[in-house]
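Worksheet: one structure, shown below.
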Amino acid sequence: MKNALILLAGGTGRRLDNTKNTVPKQFIKIGNYNFIEYFLKNLDEKIFNRIHIVVNKSMQKKHLSNLKKDFSKHQIKFVNAGKERQLSSKKGIYSLQKYYPKKVLIHDSARPLASNRLIKRLLKSLDKHHSCAPFIINNDFIKYKSRKNIFIHGKIMNIQTPQAFRFTSILKAHRFLKSNCEKDDTSLLEKIGIKTKFIKGEKFNFKITYLDDLDLYKKLKQNEFRSGIGYDIHRINYNSKKRLILCGVKISHPPLIGHSDADVGYHAICDSILGALSLKDIGCYFNNNNKKWKNVDSKIFMQFCNKQLKIKKYNIVNLDINFICEKPNINKYAKQMKVNISTLLEIDINQISIKATTNEKIGFIGKGEGIAAESIIQIENE
Ligand code: ZN
């Protein structure tokens with residue numbers, strides 16, 4: 001076997017939020033993924049033959065029970081964590097003995113932004129070296145205050161993970177040393193006389209420790225964008241005394257025929273949201289034959305769709321609606337339509353666009369028999 005990864009997830013660090021959070025940070029979901037899931041999602045499945053995640057058994061059951069299934073592109077195995085980092089790392093290395101990889105990387109699950117490029121550079125470096133680790137230079141001005149009140153300034157080297165080792169060397173180091181006091185695995189190798197090659201790390205591969213770090217992570221992680229399209233058309237009933245309703249606005253114009261209030265605007269928007277979420281069309285959730293939805297206000301469909309966005313943890317980026325009709329003049333009502341939509345979907349008015357076009361008197365819309373609406377939406381995960 002060529003390459004293996006040990007992902008250390010045994011930490012119980014709760015510094016992120018010591019007031020109410022009882023979940024160790026690596027298991028906190030940001031959007032749809034916790035740190036471990038986010039790292040594995042972006043990890044190139046061709047790099048490692050095996051991934052051993054060292055984690056406390058109860059935490060694994062509670063937070064990672066679907067991990068193997070959700071990330072079946074990777075060969076994942078769980079190893080029970082030790083009391084200290086050193087012991088967890090040792091357990092991880094020992095668990096790989098029967099597979100005997102050539103190269104092994106040990107990574108901290110609190111650094112979910114490590115790139116595939118960095119991982120590949122570390123593995124390559126092992127062709128020449130027994131041990132390799134990334135570092136970054138702290139460019140901030142450093143000031144130490146000594147006992148004699150003398151100030152010294154200089155550069156500080158920050159060592160990151162993943163740290164890469166030839167398996168035979170790291171195995172030897174763990175077997176040889178019995179103490180559990182080393183801070184990281186490169187220090188362990190130094191104890192048996194193996195020097196580490198330090199290569200340039202990545203600034204964004206920082207360790208998430210405090211709330212500030214979590215904010216930075218939220219800004220840096222790549223969000224997933226999705227789009228959806230919706231279209232609807234209803235026939236105009238010139239014999240009715242009721243008023244037309246478009247995007248919740250009552251308009252002095254003959255109404256549309258439909259099972260509900262026939263609001264083509266809301267219906268198109270709903271279908272675009274459901275489409276972006278890979279769900280079925282609005283008719284599947286609110287059947288035309290069901291008396292429950294007879295003459296109902298279409299805002300309940302909008303509220304349903306907004307709930308689906310929340311459940312799947314997506315936010316609306318923008319929404320673009322287009323009406324196709326000869327009459328009425330949509331521009332007159334666009335402002336109120338935007339207010340209604342922004343209230344129902346809990347978004348800013350600036351995220352909404354309402355446009356209209358006529359059909360140049362061509363076809364059934366051109367003859368004034370019906371009104372159509374189309375909607376395009378973009379959403380992003382939290
Ligand atoms: Zn409709």
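If you rank Thr22, Thr209 by how much accessible surface each has, with a 1.4 Å probe, what is the order from largest down?
Largest to smallest exposure gives the sequence Thr22, Thr209.
Over 31 Å apart: what share of the alpha carbon pairs of the stretch 3-220 falls there, rounded to a whole percent? Across the stretch 3-220, Cα pairs with separations above 31 Å total 20 percent. For a paramagnetic label modelled on Ile229 (point 7 Å from Cα along Cα→Cβ), amide N atoms under 15 Å away belong, within the stretch 345-382, to 373-378.
Take every Cα pair under 8 Å whose residues are at least 6 apart in sequence, average their separation, divide by the length of the stretch 57-131, and the relative contact order is 17 percent. Put a dot 7 Å past the Cα of Asn359, heading toward its Cβ, do the same for Thr343, and the two dots end up 3.1 nm apart.
For a quick protection proxy, order the peptides 254-266, 345-357 by their average other-Cβ count within 10 Å, most packed first.
Numbers: 254-266: 22.5, 345-357: 15.5.
Descending packing order for the listed peptides: 254-266, 345-357.
Taking 7 Å steps out from each Cα toward its Cβ at Lys61 and Gln308 produces label points 3.6 nm apart.
Each peptide in 300-308, 316-324, 234-242 receives the mean, over its residues, of other Cβ atoms within 10 Å, and ordering these scores from highest gives 316-324, 300-308, 234-242.
How much mean residue ellipticity at 222 nm does the chain get from its helices, if each DSSP H run of length 4 or more adds -39500 (n - 2.57) and you divide by all residues, to the nearest 500 deg cm²/dmol?
Numbers: 13 runs with 113 residues, N = 382.
My calculation for the chain gives -8000 deg cm²/dmol from helical runs alone.
The C-alpha radius of gyration of the stretch 338-382, expressed as a fraction of 2.2 N^0.38 Å, stands at 1.58.
Expressed in nm to one decimal, what extension gain is obtained for the pair Lys83 and Phe176 from 0.36 nm per residue of sequence separation less their Cα-Cα distance? That works out to 31.6 nm of additional length.
Taking square-rooted eigenvalues a ≥ b ≥ c of the alpha carbon gyration tensor, is the stretch 225-381 rounded, prolate or oblate, where a/c under 1.5 means rounded and, failing that, a/b exceeding b/c means prolate? Don't skip to the end; give the middle numbers.
Numbers: a/c = 1.78, a/b = 1.39, b/c = 1.28.
Prolate, because a/c is 1.5 or more and a/b exceeds b/c.
Over the stretch 225-381, what is the relative contact order in whole percent, taking alpha-carbon pairs under 8 Å and six or more residues apart? Please report the intermediate quantities before stating the final value.
Working: 338 pairs, mean separation 52.4, N = 157.
Computed value for the stretch 225-381: 33 percent relative contact order.
Available extension along the chain between Ser252 and Ile137 is 34.6 nm, counting 0.36 nm per residue and deducting the alpha carbon span.
Looking at the chain alone, DSSP beta bridges between its own residues are antiparallel in about 60 percent of cases. In terms of accessible area, using a 1.4 Å probe and ignoring ligands and nucleic acids, Glu360, Glu202, Glu84 rank largest first as Glu360, Glu84, Glu202. Here the mean projected area of the convex hull built on the C-alpha positions of the chain is 27.3 nm².
What does the highest-first list of 4-10, 63-69 look like by mean Cβ count within 10 Å? Intermediate values should be presented prior to the final figure.
Values: 4-10: 26.7, 63-69: 14.7.
Per-residue mean Cβ counts within 10 Å order the peptides as 4-10, 63-69.
Let's test the formula: R0 of 41 Å, r as the Cβ-Cβ distance of Ile159 and Cys284. What FRET efficiency results, to the nearest 0.05? It comes out at approximately 0.15.
A simple spin-label model places the labels of Lys203 and Lys29 3.3 nm from each other, with each point 7 Å out along Cα-to-Cβ.
The values are calculated or read from the model by the stated rules, or taken from the named source; none is laboratory data. Please read all numbers here as calculations on a predicted model, not as lab measurements. Here Cβ is always computed from backbone atoms with ideal geometry, including for glycine, and neighbour counts include all displayed protein chains. Only protein heavy atoms, including side chains, enter the accessible area calculation; ligands, DNA and RNA are left aside. Shrake-Rupley method; radii C 1.70, N 1.55, O 1.52, S 1.80 Å.
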